[in-house]
There are 2 protein chains.
Amino acid sequence: MTPFDQSRDMLGRRALTRVSEARTILLKRLGNLHPTAERVVLAEALDRVTAEPISAAEDLPPAPRSTMDGFAVIAADTFGATQSLPAYLNIAGEVLMGAAPEGRLERGNCFRIPTGGLLPDNGDSVVMLEHTVPVDETMIEVVKGIGSGTNVIKTGDDIRAGEQALPAGHRLRPQDLGLLAGLGIDEVGVYRRPRVGIIATGDEIIDHRQPSAVGKIRNINSVTLAALAKRSGATVTDYGIVSDREEIFFSTVARAVAETDLVFFSGGSSVGVRDLGERAIERLGSPGILVHGVTLKPGKPIIIGLCNSTPVFGLPGHPVSAMVCFDFFVRPALSVLSGERTADCPPAPSVSARLMRSINSAAGRLDVIRVRLVRDHDQWHCRPILGRSGAISTMSRADGYFLIDEDSQGLAEGESVEVYIYQ
Amino acid sequence: MTPFDQSRDMLGRRALTRVSEARTILLKRLGNLHPTAERVVLAEALDRVTAEPISAAEDLPPAPRSTMDGFAVIAADTFGATQSLPAYLNIAGEVLMGAAPEGRLERGNCFRIPTGGLLPDNGDSVVMLEHTVPVDETMIEVVKGIGSGTNVIKTGDDIRAGEQALPAGHRLRPQDLGLLAGLGIDEVGVYRRPRVGIIATGDEIIDHRQPSAVGKIRNINSVTLAALAKRSGATVTDYGIVSDREEIFFSTVARAVAETDLVFFSGGSSVGVRDLGERAIERLGSPGILVHGVTLKPGKPIIIGLCNSTPVFGLPGHPVSAMVCFDFFVRPALSVLSGERTADCPPAPSVSARLMRSINSAAGRLDVIRVRLVRDHDQWHCRPILGRSGAISTMSRADGYFLIDEDSQGLAEGESVEVYIYQ
């Protein structure tokens with residue numbers, strides 16, 4: 001348990017939930033949701049998540065092959081062969097690429113074989129060209145003895161029929177597609193991409209393609225958050241900029257919740273808009289609000305809710321705060337909705353860097369400090385970028401961020417920090 | 001200079017080029033190529049590379065705004081205010097979201113203002129709601145003095161008109177799109193995506209969708225390499241599986257060189273196919289072959305060429321070797337062809353991990369050791385995956401790789417290595 005809870009303090013303000021606790025509350029609820037599956041062809045399967053374990057239906061390779069240019073032999077015929085005491089073998093045939101070898105290899109004989117050529121029946125190994133000396137067109141000297149299996153990839157050496165090729169919940173990388181291609185699998189069961197609904201709210205917000213107007217500010221959040229959601233493998237429905245009049249706002253959120261798998265709205269950070277968002281989440285289904293506000297800077301005023309089976313996030317209106325909240329809460333939620341086994345996820349990309357100036361932090365909050373990375377020989381250094389959470393340019397100038405945790409009051413110049421890269 | 005050169009040894013074999021030198025030779029040649037530019041809208045600009053520096057045409061924000069719910073004031077009116085000696089201000093108006101404030105703020109007055117509201121003329125700061133006490137509907141007490149600019153984001157605080165928003169050669173991330181949206185920019189000049197042509201060769205290779213057949217092996221490389229090229233931002237033309245008969249092979253490579261910006265073929269590692277590839281590159285234009293074979297394992301037999309302005313790579317037939325060659329040579333070449341400023345690239349994602357078993361390496365070659373990552377509390381450990389470079393399953397089981405450089409003969413269990421993540 002943590003010292004925080006959801007009750008209000010004596011000024012009527014809600015206490016904040018610790019970031020790690022808020023994430024646990026959210027992800028625990030999402031663990032019960034089961035994404036639906038669909039089948040896609042390999043050419044469209046990159047970055048999709050497997051919905052079932054995939055087994056090899058055949059051996060790979062299906063038959064033993066040479067890994068060298070040389071001669072297929074029976075290893076026993078070469079035992080003890082040296083430069084001064086070579087073994088003599090008759091050239092009894094030649095293996096052609098992509099064709100079945102003609103005839104069977106008998107003791108005392110060898111077949112010419114190229115890299116990738118199929119081993120002839122009875123052959124068990126391949127002598128490299130470099131370890132042979134031609135005697136005439138029908139005979140070679142083998143000047144080095146080899147063991148059975150040398151320079152051969154055997155049937156099923158890569159993967160055996162019946163063996164699991166890939167587990168369920170695995171995000172498909174280029175090499176995973178290659179393995180499936182090798183096994184002759186062109187169709188794969190994957191989870192449907194999560195569908196994300198994005199709503200911007202606030203009477204001051206205008207579309208970024210509109211000309212500037214007094215008192216208006218262009219919609220940055222829908223652009224950045226849609227790009228982040230796509231990066232996480234989601235499809236995005238943009239519900240546009242919606243009035244913060246109660247019924248209009250509510251009906252749009254209700255539509256998004258009905259049509260997509262995860263919804264977030266971002267809007268003014270004013271108390272009025274925040275209350276509006278809370279009321280919408282509570283009206284839309286149980287359990288409703290899970291978390292009001294977290295110990296995160298920037299990102300404190302996030303609201304996290306669950307309306308029946310759809311997570312709904314009220315993100316702060318400031319662009320930097322909204323992005324930070326996406327990183328900490330929305331992305332992990334999307335990973336769960338994608339069906340990704342978290343144990344299977346690669347570590348978040350990061351580098352160790354030395355802090356170029358001291359930085360203070362209030363205890364009790366997790367600080368996200370944007371930085372610029374500077375390389376000095378083999379060492380990375382990082383320079384904190386100071387600026388308000390409303391200033392998107394600070395995010396654009398940043399290469400990544402590091403964290404100062406709730407228990408720390410700051411870090412000194414020269415200390416080593418782990419910088420997570422904005423990709 | 002290095003101790004290696006391109007001449008042949010006394011057995012007629014070419015000496016290998018060191019990996020770093022081979023990369024330098026390649027990238028230096030590509031530095032003279034200039035990708036063409038095109039214009040795209042913001043919704044399609046994620047991950048594209050800017051072809052020109054982009055400047056702000058207007059201030060962001062265009063006018064001063066409040067960052068808090070409270071009262072817009074003239075700071076001087078609050079100087080010295082405390083709980084026991086508050087300043088009294090008349091409520092002379094209210095700023096509505098998205099609208100121009102009505103009237104001008106006079107000394108002794110204040111305007112109600114929400115977060116994001118536009119500061120009224122003559123106002124210079126905002127007192128937080130929490131630092132005021134209502135007297136009646138027309139007057140407040142301010143219980144804390146504030147300085148000019150408090151709780152206000154000023155005109156151009158995010159970025160000023162005329163300032164550079166983004167440099168040329170910058171790969172657009174979600175926050176960069178957000179900055180452009182904030183500035184009202186919907187169309188951006190980017191470099192055209194590099195076009196990659198992929199050819200598989202070898203009479204033993206069949207399409208992965210075909211049923212298995214004796215002596216045949218399914219085309220893994222075109223699938224993995226196409227996925228890697230797409231990950232690097234390229235568009236891919238797959239020229240299919242081409243016979244290794246000289247004229248057919250040559251005419252396909254010639255067509256690919258004419259139609260795309262970077263070509264690679266992968267095929268049998270047999271001497272015959274290798275020679276075929278070398279002859280094709282030499283015939284297609286100068287300077288022709290730049291590098292024959294590198295000190296890389298797996299990946300040694302790579303051929304790197306440049307036919308007029310098109311880089312052409314002969315990649316090894318073994319799937320793991322081909323992928324490693326992509327990582328070391330093709331990806332950096334694609335980055336240059338994308339117009340990306342390398343100083344601007346994020347570091348390759350990696351983690352430090354402790355080696356779970358000792359591993360040997362021959363001096364004079366750069367070893368790429370695939371590993372499985374294992375987390376133990378706060379520490380990553382890595383277990384080398386042993387297996388032939390023909391076995392794609394070893395790549396699929398790998399989370400990443402570390403390097404043992406040319407000068408090292410191996411590493412001991414427990415040593416720390418930098419593991420680059422396969423994403």
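A single entry from A:ILE159, A:ILE185, A:ILE140, A:ILE199 fulfils the requirement of being surrounded by 17 or more Cβ atoms within 10 Å (Cβ to Cβ) and either aromatic (Phe, Trp, Tyr) or more than 28 Å from the chain's Cα centre (by Cα) (or both): A:ILE140. Residue count for region B:352-368 under the criterion of being in contact with a Ser or Thr (Cβ under 8 Å, 6 or more places away or on another chain) and either over 14 Å from B:GLU406 (Cβ atoms) or in the same structural domain as B:GLY299 (by TED's automatic domain parsing) (or both): the result is 4. Do you know which of the residues in region A:375-403 that are closer than 26 Å to B:GLY156 by Cβ and among the aliphatic types (A, V, I, L, M) is surrounded by the fewest Cβ atoms within 10 Å (Cβ to Cβ)? For region A:375-403, the residue satisfying everything is A:LEU386. Just to verify a result, which residue in region B:302-329, among those that are crowded, with 24+ Cβ neighbours inside 10 Å and in a loop (DSSP other than H, G, I, E, B), is modelled with the highest pLDDT? Going through the qualifying residues, I end up with B:ILE302. Can you pull out every residue in region B:227-244 that is within 17 Å of the chain's Cα centre (by Cα) and facing another protein chain (nearest Cβ under 10 Å)? Correct list: B:ALA227, B:LEU228, B:ALA229, B:LYS230, B:ARG231. Selection of first residues in region A:346-358 that are on the phi < 0 side of the Ramachandran plot and of second residues that are assigned to a strand (DSSP E or B) and of a type in the set (S, T, N, Q), restricted to Cβ pairs under 7 Å at least 6 apart or on distinct chains, gives the following pairs, ordered by first then second residue: A:SER352/A:SER416; A:ARG354/A:GLN379; A:ARG354/A:SER416. When region A:368-423 is limited to residues that are charged (D, E, K, R) and within 16 Å of B:ASP176 (Cβ to Cβ), the one that is farthest from the other protein chains (Cβ to nearest Cβ) turns out to be A:ARG372.
Restricting attention to region B:173-205, the residues that are at pLDDT below 95 and either more than 8 Å from every other protein chain (Cβ to nearest Cβ) or closer than 18 Å to B:LEU60 by Cα (or both) total 1. Starting from residues that are of a type in the set (Asp, Glu) and more than 10 Å from chain B (Cβ to nearest Cβ), keep the ones in region A:42-91 and report whichever is surrounded by the most Cβ atoms within 10 Å (Cβ to Cβ). It comes out as A:ASP77. Would you please name the residue that is modelled with the lowest pLDDT, looking only at residues in region A:245-262 that are touching a Leu at 6+ places or on another chain (Cβ under 7 Å) and either surrounded by fewer than 21 Cβ atoms within 10 Å (Cβ to Cβ) or within 12 Å of chain B (Cβ to nearest Cβ) (or both)? So the residue we want is A:GLU246. Only one of the listed residues (A:LEU296, A:LEU262) is over 17 Å from A:THR310 (Cβ atoms), aliphatic (A, V, I, L, M) and in contact with a strand residue (DSSP E or B) (Cβ under 8 Å, 6 or more places away or on another chain). That residue is A:LEU296. If you go through region B:47-69 and pick out every residue that is touching a helix residue (DSSP H, G or I) at 6+ places or on another chain (Cβ under 6 Å) and either on the phi > 0 side of the Ramachandran plot or not in a strand (DSSP E or B) (or both), you end up with 1. Has region B:131-140 got at least one residue that is in a loop (DSSP other than H, G, I, E, B) and either facing chain A (nearest Cβ under 10 Å) or in contact with a helix residue (DSSP H, G or I) (Cβ under 6 Å, 6 or more places away or on another chain) (or both)? No, because not a single residue in region B:131-140 is in a loop (DSSP other than H, G, I, E, B) and either facing chain A (nearest Cβ under 10 Å) or in contact with a helix residue (DSSP H, G or I) (Cβ under 6 Å, 6 or more places away or on another chain) (or both).
Table: residues versus (1) in a strand (DSSP E or B); (2) without any contact (Cβ under 8 Å) to a residue 24 or more places away in the chain; (3) in contact with a strand residue (DSSP E or B) (Cβ under 6 Å, 6 or more places away or on another chain).
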site	(1), (2), (3)
B:ALA22	no, no, yes
B:LEU27	no, no, no
B:LEU85	no, yes, no
B:LEU96	no, yes, no
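Here is a check on your reading of the model: is B:VAL417 of a type outside the set (Gly, Ala, Ser) and over 25 Å from B:THR24 (Cα atoms)? Spelling it out, it is not the case that B:VAL417 is of a type outside the set (Gly, Ala, Ser) and over 25 Å from B:THR24 (Cα atoms).
Residues of region A:206-230 that are touching a residue at least 60 places away in the same chain (Cβ under 8 Å) and either among the acidic types (Asp, Glu) or farther than 20 Å from A:THR394 by Cβ (or both): A:ALA229 alone. Within the option set B:VAL214, B:VAL223, being in a helix (DSSP H, G or I) and within 7 Å of another protein chain (Cβ to nearest Cβ) holds for one residue only, B:VAL223.
Go through the residues of region A:265-288 one by one and say whether even a single one is touching a Cys at 6+ places or on another chain (Cβ under 9 Å) and either within 30 Å of B:ILE421 (Cβ to Cβ) or not assigned by TED's automatic domain parsing to the domain that holds A:GLY233 (or both). Looking through region A:265-288, none of the residues is touching a Cys at 6+ places or on another chain (Cβ under 9 Å) and either within 30 Å of B:ILE421 (Cβ to Cβ) or not assigned by TED's automatic domain parsing to the domain that holds A:GLY233 (or both). Taken together, the residues in region A:153-172 that are at pLDDT below 95 and not in a loop (DSSP other than H, G, I, E, B) amount to 1.
The values are calculated or read from the model by the stated rules, or taken from the named source; none is laboratory data. Nothing here was measured: the structure is a model prediction, and the numbers come from that model. FYI the Cβ positions are ideal-geometry reconstructions off the backbone, even for glycines, and counts take in every protein chain you see.
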